[in-house]
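A quick write-up on the structure given underneath.
Throughout, read-outs are computed from the coordinates displayed, never taken from laboratory work. Everything numeric here is computed off the predicted structure, so don't read it as measured data. Note: ideal-geometry Cβ built from the backbone for every residue, glycine included; neighbour counts use all protein chains shown.
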Amino acid sequence: MELCQHRINYKSRADRFHIIPIGDIHIGSLNCDKDKFQRQVNYIASKDNARWIGMGDYADCIIFSDKRFDPRNIDTEFALETKKTIKYLNLDETIDKQYQYILKAFDKIKDKCLGVLTGNHEEKIRLSYNRDITRDLARQLHVPYLGFCSLVRLTFARQGSSVQTFDIYATHSNIAGRSSGGKINRLESIMGYFDADIYLIAHGHKKFTTSISQLSLQQNGLKMKTKKKVGGMTGSFLKGYTADTMGYAERGGYMPADLGVINVSIVPSSNDLHISQ
């Protein structure tokens, strides 16, 4: 587990911040919605109070020796080359081309990044071929490397006011399966394992949110206080079903993916915390 913290200064009591998790992009797959991904990047770039956290599986990272490899599911932007007017499929640099695409996209919003998690697709390359794509990404963007799971503390400070802290538990996770109810139950179990305010999980290619109210006694006197905890599965940019191609969701009989992201909004001055799709 990786630990990190960020201090965010703000000016007005009315300031609202948006924490946007981005993951399960799968650049390199023919089913990846690159246009939707680029629109999300541009949205974050346009919002002063937006921050984002990378949730893993940025590149598809599936090569010829991988049992998941399917030549019909390759985005030729990352594999097709032309030599002496002859077009051919070159897989030698596929992974690096996927990586360079992600690096270029994230470079636009690196100053708003809270850190990048690694996913199971990047981990497959690290464990099999000794290349840590996510650590390379963190190093080149100059952002925190968050490993497979992380606790991230956000400290919001306004001149003349006390600081407010919000803790995030984020993981790529291994939570998948066909049932949405099973995924929600797993998330709510995780919300009991770690003491945080915000819980973010990826991998399942679905979007859902939940909140839990936790009751306790105040430090001074016998008075009750309520702590709100929010959590969600963070969506995807990989379409499960696309005309004229066959992806893993179709072969496995999975439900269609929920494309896009979820959004956590924070008003630090009032400790206001919401999560939405």
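For this structure, a couple of remarks:
- Ordering 48, 15 from the fewest to the most neighbouring beta carbons within 10 Å gives 48, 15.
- Estimated translational D of the range 50-94 in µm²/s (Stokes, Kirkwood radius over Cα pairs; 37 °C; 0.692 mPa s): 260
- For the pair residue 276 and residue 83, a Förster radius of 41 Å applied to the C-beta separation gives a FRET efficiency near 0.25, rounded to the nearest 0.05.
- Computed FRET value (nearest 0.05) for residue 2 with residue 49, which takes r as the C-beta separation and R₀ as 22 Å: 0.35
- Selected from 205, 184, 148, residue furthest toward positive end of dipole (the range 2-276; charges at beta carbon): 184
- Residue-span extension gain [residue 124 to residue 163] - 0.36 nm each, minus C-alpha spacing: 10.0 nm
- Which label in (i) 0.98; (ii) 1.34; (iii) 1.07 gives the computed Cα Rg over 2.2 N^0.38 Å: (iii)
- Given charges at beta-carbon only (K, R positive; D, E negative), |dipole| of the chain in Debye: 760
- The chain - mean residue ellipticity at 222 nm from DSSP helices (-39,500 (n - 2.57) per run, n ≥ 4, rounded to 500): -7000 deg cm²/dmol
- Among 139-145, 2-8, the order from most to least packed when residues are scored by Cβ within 10 Å on average: 139-145, 2-8
- Check: the range 201-254 dipole with +1 on Lys, Arg Cβ and -1 on Asp, Glu Cβ, in debye: 480
- Counting only DSSP beta bridges with both residues in the chain, the antiparallel share comes to about 55 percent.
- Of all DSSP beta bridges confined to the range 86-213, the antiparallel ones make up roughly 60%.
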